[in-house]
Amino acid sequence: MRKVNESELDWKEYDREEATFYRKELGTAVDTDDLGCSLYELPAGNRSWPYHYHTANEEAIYVLAGDGLLRAEDGEHELQAGDFVTLPADESGGHRVVNDGEETLRYLAVSTMNEPDVTIYPEMEKFGVYVGSPPGGRDERTFEGYYPTDGRVEYWSEAERED
């Protein structure tokens, strides 16, 4: 058994473009292998990670305190303390958490930690590839990058196709 109390961990602040939130990586603190878990605090009027979905990792959100909104593939859904939401590893699991309430929104995000994973960001028109360590993983990756969804190349070069 491995144990940590969240009060022993420092908050990591994320403040990029329209995303401002705080995170404590509980799974990392106890060195989990196949399960990720993070505690989030999302101040009033802010948003979490950009809208996205994973192709290899299922996620779940459990709301501890506050009210907010989950932007999902099938529309917007109100969130309140006690809500548990599952997000499949496909387009139907697309999501972004928004705090449209007056208080801080506090929630747990739990996920499988499978790799390789491709994460799709439809509104940003890009995708991320993670090999060697999944999204949210702490190990060094053997390959990773972000690419435009409309970037296409042929499998064979023109010269190879003529041979």
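Which whole-number percent is the relative contact order of the chain (Cα, under 8 Å, 6+ apart)?
Numbers: 389 pairs, mean separation 33.8, N = 163.
The normalised contact order for the chain reaches 21 percent.
In the range 79-142, what trypsin sites (Lys or Arg not before Pro) fall in a loop by DSSP, with at most 14 other Cβ atoms inside 10 Å?
Values: sites: 96, 106, 126, 138, 141; in loops: 138, 141.
Filter output for the range 79-142: 138.
Quick check: Cα centre of the range 99-144 to Cα centre of the range 1-47, how many Å?
Cα centroid to Cα centroid, the span is 12 Å.
Return the loop-located GluC sites (Glu not before Pro) in the range 91-151 (DSSP other than H, G, I, E, B) with at most 16 other Cβ atoms within 10 Å of their own Cβ; answer none if there are none.
Numbers: sites: 91, 102, 103, 123, 125, 140, 144; in loops: 102, 103, 125, 140.
Qualifying residues, ordered by number: 102, 103, 125, 140.
For the chain, modelled as a GNM with alpha-carbon contacts under 10 angstrom, which of 147, 130, 40 fluctuates the most?
Taking springs between Cα atoms under 10 Å, the residue moving most is 147.
Within the range 1-68, report the GluC sites (Glu not before Pro) that DSSP leaves as loop and that have at most 12 other Cβ atoms within 10 Å. Walk me through the numbers on the way to the answer.
Details: sites: 6, 8, 13, 17, 18, 25, 41, 58, 59; in loops: 17, 18, 58.
Hits after loop and neighbour filter: 17, 18.
Plugging the Kirkwood radius over Cα pairs into Stokes-Einstein for the range 1-49, at a temperature of 4 °C and a viscosity of 1.567 mPa s, what D comes out in µm²/s?
Working: Rh = 11.8 Å.
Estimated via Stokes-Einstein, D reaches 110 µm²/s.
I need the P(r) histogram for the range 6-162: all alpha carbon pairs, bin width 5 Å from 0 out to the longest distance, whole percents.
2, 9, 16, 20, 21, 14, 8, 4, 2, 2, 1, 1, 0
Rounded to the nearest 20 Debye, what is the dipole magnitude of the chain about its Cα centre when Lys and Arg each give +1 and Asp and Glu each give -1 at the C-beta? Mind showing how you got there, number by number?
Values: 15 positive and 38 negative charges, 117 e Å.
The calculated dipole for the chain is roughly 560 debye.
Throughout, read-outs are computed from the coordinates displayed, never taken from laboratory work. Predicted model only: the values in this text are computed from it and were never measured. Here Cβ is always computed from backbone atoms with ideal geometry, including for glycine, and neighbour counts include all displayed protein chains.
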